[in-house]
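These notes are about the structure you will find just below.
The values are calculated or read from the model by the stated rules, or taken from the named source; none is laboratory data. Note that the structure is predicted; figures quoted are calculated from it, not measured. Here Cβ is always computed from backbone atoms with ideal geometry, including for glycine, and neighbour counts include all displayed protein chains. Each accessible area value is taken on the protein alone, full model and side chains, heavy atoms only, with ligands, DNA and RNA left out. Shrake-Rupley method; radii C 1.70, N 1.55, O 1.52, S 1.80 Å.
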Amino acid sequence: MRTWAWISVVFTMGCSLVIGPEPGVVSGQPCDDAGGCVTGFRCVAGTCQAADAGTAGGSAGGSAGGMTSGGGSAGGLGGGVGGGALMGGGSAGGTADAGATECTQATERSDCPRESVCVAGRCSLGCRTTADCITTGGVTQTCCGPGSACGPSTPGALGVCFTPRWFLRSITAAQSPPGRVDPAMTFDSDRGVVVLYSGQAGTDRLNDLWEYDGGTAWVNRANPRPGTGLRYSSMAYDASRRLAVVYGGANDSAGASNFLTQPFHWNGATWANPSIESGQLGQGPGRRIQFPFFYDSTRSRVILMYGTGGEYMSGSVCSSSTGNCSDVWALTANGWFEISVVNPTVRPAETLHASVVHDSKRDRYVLWRPASASSVETWLFDPSSRTWATLSGTQVSSDRQKALLVYDPRRERTLLIGGSTWAEAPRVPEVWALRSDGADWSKEDPANRGSGVDPPPLVLPSVVYDSKRGRVVLFGGSLGGANLSRQTWVYGGP
């Protein structure tokens with residue numbers, strides 16, 4: 001049995017175990033530990049047996065939907081056994097013995113007897129199969145593994161189940177984008193597809209557009225953006241306007257005319273170039289490459305910050321020697337506006353290869369940056385007070401740059417993936433997690449790490465969070481030199 005210590009948040013979802021069997025069902029039906037029994041029964045020694053009240057309901061004081069010290073309704077988080085982990089609430093009844101045992105929430109399961117989980121300081125027996133769960137209010141309850149809890153699940157989605165594991169998607173070369181580094185990529189939450197645009201392959205600046213719905217093939221939209229191909233551009237999905245926004249990038253390494261200084265919109269069918277959002281000198285961030293670009297769901301706006309190649313116009317913060325920037329911009333349907341920092345002396349230094357996401361749970365922007373070969377930093381920006389603060393807890397291991405952040409709203413955590421060494425050597429795509437309610441980065445241990453079926457060391461792939469399926473999607477990157485990857489990997493479930 002393996003447990004995952006990075007799960008500690010507790011949800012209460014109002015689900016419960018069935019105390020008695022369904023009328024007319026006779027016990028003794030053959031079964032196995034994976035299931036096979038109807039609601040109200042559980043598999044015991046190869047046959048279905050009626051669940052007793054002690055196992056199903058927990059202590060007498062246990063509420064069906066609330067949290068109790070006796071473990072009646074768990075709402076808690078238990079690491080799924082057998083390679084899975086459960087994130088999300090659920091009700092799981094506790095036995096009298098388990099409920100009487102105190103435990104430490106931080107250790108999840110280690111203080112509790114086998115097949116029980118730590119909920120509100122007490123050990124509680126979790127579900128064993130989905131047969132232990134019920135359907136409430138039209139929401140199907142799912143058990144993610146022996147000893148875990150029941151929780152909501154919807155068809156085609158992972159629901160509350162999360163496996164800390166990489167999966168290589170079986171996609172043929174003919175049904176995959178060509179290999180490239182640093183493509184612009186985002187997730188269209190309205191259509192449920194990953195959108196990929198541009199990137200670099202050798203000396204080529206690509207101008208193709210692909211979409212991926214989570215299956216076994218990408219779709220080439222055969223609809224290039226007007227103009228030339230780009231490298232180092234960025235893309236974000238504006239959910240309020242239901243369109244993907246591409247900005248920045250260049251078709252050559254130098255020269256102002258080679259930079260894309262106007263945003264382009266992709267609505268799923270056509271490209272558009274609204275003039276009101278023109279990023280010309282004095283009207284926006286200007287020319288910019290290798291910059292974070294993400295959506296602030298609280299304020300319905302796209303955010304651009306940092307990067308390099310700034311125009312050094314009045315009000316922006318870009319180094320006149322390196323071109324690296326430390327400014328913050330917002331983009332809405334009304335155009336660009338710069339977000340002034342209240343205390344500009346307390347902010348991350350101008351940075352190339354910073355990565356930023358919006359932690360919607362805490363309403364903050366999480367920025368990770370490589371400070372040097374031996375130092376990395378995490379900063380938090382409060383968009384309400386417009387102030388920066390450093391994260392004082394445990395940091396990601398150093399000698400790392402070009403790492404990527406994604407935010408997982410289902411599990412309320414920021415994930416950092418991959419990066420290269422300071423000397424530009426590829427790194428194995430390690431995964432680090434920062435919970436919304438925590439102050440420390442913790443390294444995750446994917447179930448198949450080192451098995452040969454996890455991603456190879458990569459430089460400059462792209463990652464996005466697929467909110468429909470509850471998983472991270474990784475594509476592309478360099479395996480070293482001109483050897484480019486065209487593999488599609490997902491983290492969290494097949």
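For the subset of the stretch 364-391 comprising residues that are outside any strand (DSSP E or B) and open to solvent by 30 Å² or more (accessible area, probe 1.4 Å), which member is farthest from A439 (Cα to Cα)?
Step one: list which residues in the stretch 364-391 are outside any strand (DSSP E or B), which gives 373-374, 383-386, 391.
Among the residues that remain, those that are also open to solvent by 30 Å² or more (accessible area, probe 1.4 Å) are: 373-374, 384-386.
Values: A373: 23, S374: 20, S384: 20, S385: 20, R386: 20 Å.
Out of the qualifying residues, it is A373.
To keep it simple, each residue is scored yes or no on (1) in contact (Cβ under 8 Å) with a residue 60 or more places away in the chain; (2) farther than 24 Å from R471 by Cβ; (3) not basic (K, R).
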position: E211; (1), (2), (3): no, no, yes
position: G215; (1), (2), (3): no, no, yes
position: G227; (1), (2), (3): no, yes, yes
position: R231; (1), (2), (3): no, yes, no
position: S234; (1), (2), (3): yes, no, yes
position: Y237; (1), (2), (3): no, no, yes
position: R242; (1), (2), (3): no, no, no
position: G249; (1), (2), (3): yes, yes, yes
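Of the numbered conditions (1) hydrophobic (A, V, I, L, M, F, W, C); (2) buried (at least 18 other Cβ atoms within 10 Å of the Cβ); (3) at pLDDT below 95, A447 fails exactly one; give the number of that condition.
It fails just one condition, (2).
Among all residue pairs at least 6 apart or on different chains, which show Cβ distances below 7 Å where the first residue, located in the stretch 385-410, is within 17 Å of A349 (Cβ to Cβ) and the second is open to solvent by 50 Å² or more (accessible area, probe 1.4 Å)?
T387/V342; T387/N343; W388/V346; T390/E377; S398/S374; Q401/W422
Could you tell me whether the stretch 340-348 includes any residue that is farther than 19 Å from D382 by Cβ and either at pLDDT below 90 or crowded, with 18+ Cβ neighbours inside 10 Å (or both)? Reasoning before the result, please.
So the first thing to find is which residues in the stretch 340-348 are farther than 19 Å from D382 by Cβ, and the list is none.
Among the residues of the stretch 340-348, not one is farther than 19 Å from D382 by Cβ and either at pLDDT below 90 or crowded, with 18+ Cβ neighbours inside 10 Å (or both), which makes the answer no.
For the stretch 139-238, please list each of the strands (runs of 3 or more DSSP E) lying entirely inside it that holds at least 2 residues being within 30 Å of T298 (Cβ to Cβ) and modelled with pLDDT of 90 or more.
Values: elements: 140-143, 150-153, 166-168, 184-188, 193-197, 209-212, 218-220, 234-238.
Counting at least 2 such residues, we get 184-188, 193-197, 209-212, 234-238.
Residues being among the small types (G, A, S) and closer than 23 Å to A354 by Cβ: count how many of those fall in the stretch 468-484. First the steps, then the outcome.
First, pick out the residues of the stretch 468-484 that are among the small types (G, A, S): 470, 476-478, 480-482.
From the residues that got through so far, the ones that are closer than 23 Å to A354 by Cβ too are 476-478.
Adding up the residues that qualify gives 3.
What is the residue count in the stretch 323-346 for residues that are outside any strand (DSSP E or B) and either within 21 Å of N273 (Cα to Cα) or more than 27 Å from the chain's Cα centre (by Cα) (or both)?
At the first step, the residues of the stretch 323-346 found to be outside any strand (DSSP E or B) are 323, 326-327, 333-334, 339-346.
Within this subset, residues satisfying the condition of being either within 21 Å of N273 (Cα to Cα) or more than 27 Å from the chain's Cα centre (by Cα) (or both) are 323, 333-334, 340-346.
Of the residues in that region, 10 qualify.
Exactly one condition in (1) surrounded by 15 or more Cβ atoms within 10 Å (Cβ to Cβ); (2) closer than 23 Å to A439 by Cα; (3) out of contact with any Ser or Thr (no Cβ under 8 Å at 6 or more places or on another chain); (4) not charged (D, E, K, R) is false for V357; which is it?
(3)
Kindly evaluate A330 against the criterion of being open to solvent by 40 Å² or more (accessible area, probe 1.4 Å), touching a strand residue (DSSP E or B) at 6+ places or on another chain (Cβ under 6 Å) and at pLDDT 90 or above.
Working: open to solvent by 40 Å² or more (accessible area, probe 1.4 Å): no; touching a strand residue (DSSP E or B) at 6+ places or on another chain (Cβ under 6 Å): yes; at pLDDT 90 or above: yes.
So A330 fails the test.
Scanning for something at pLDDT 85 or above, touching a strand residue (DSSP E or B) at 6+ places or on another chain (Cβ under 7 Å), open to solvent by less than 20 Å² (accessible area, probe 1.4 Å) and not in a strand (DSSP E or B), does the stretch 404-415 turn up at least one residue?
Here is the first cut: in the stretch 404-415, the residues at pLDDT 85 or above are 404-409, 412-415.
Then drop every residue that is not touching a strand residue (DSSP E or B) at 6+ places or on another chain (Cβ under 7 Å), which leaves 404-408, 412-415.
Imposing the further condition that a residue be open to solvent by less than 20 Å² (accessible area, probe 1.4 Å) reduces the set to 405-406, 408, 413-415.
When the remaining residues are screened for being not in a strand (DSSP E or B), the result is none.
Checked against the condition, which is being at pLDDT 85 or above, touching a strand residue (DSSP E or B) at 6+ places or on another chain (Cβ under 7 Å), open to solvent by less than 20 Å² (accessible area, probe 1.4 Å) and not in a strand (DSSP E or B), the stretch 404-415 yields no hits at all.
When you scan the stretch 291-312, do you find a residue that is of a type in the set (D, E) and at pLDDT 90 or above, even just one?
As a first pass, look at the stretch 291-312 and keep what is of a type in the set (D, E): 296, 311.
Okay, now just the ones that are also at pLDDT 90 or above, so 296.
Yes, because at least one residue in the stretch 291-312 is of a type in the set (D, E) and at pLDDT 90 or above.
Condition first: open to solvent by 10 Å² or more (accessible area, probe 1.4 Å), touching a Lys or Arg at 6+ places or on another chain (Cβ under 7 Å) and modelled with pLDDT under 95. Now tell me which residues in the stretch 455-488 satisfy that.
Residues satisfying the conditions are P457, V459, L460.
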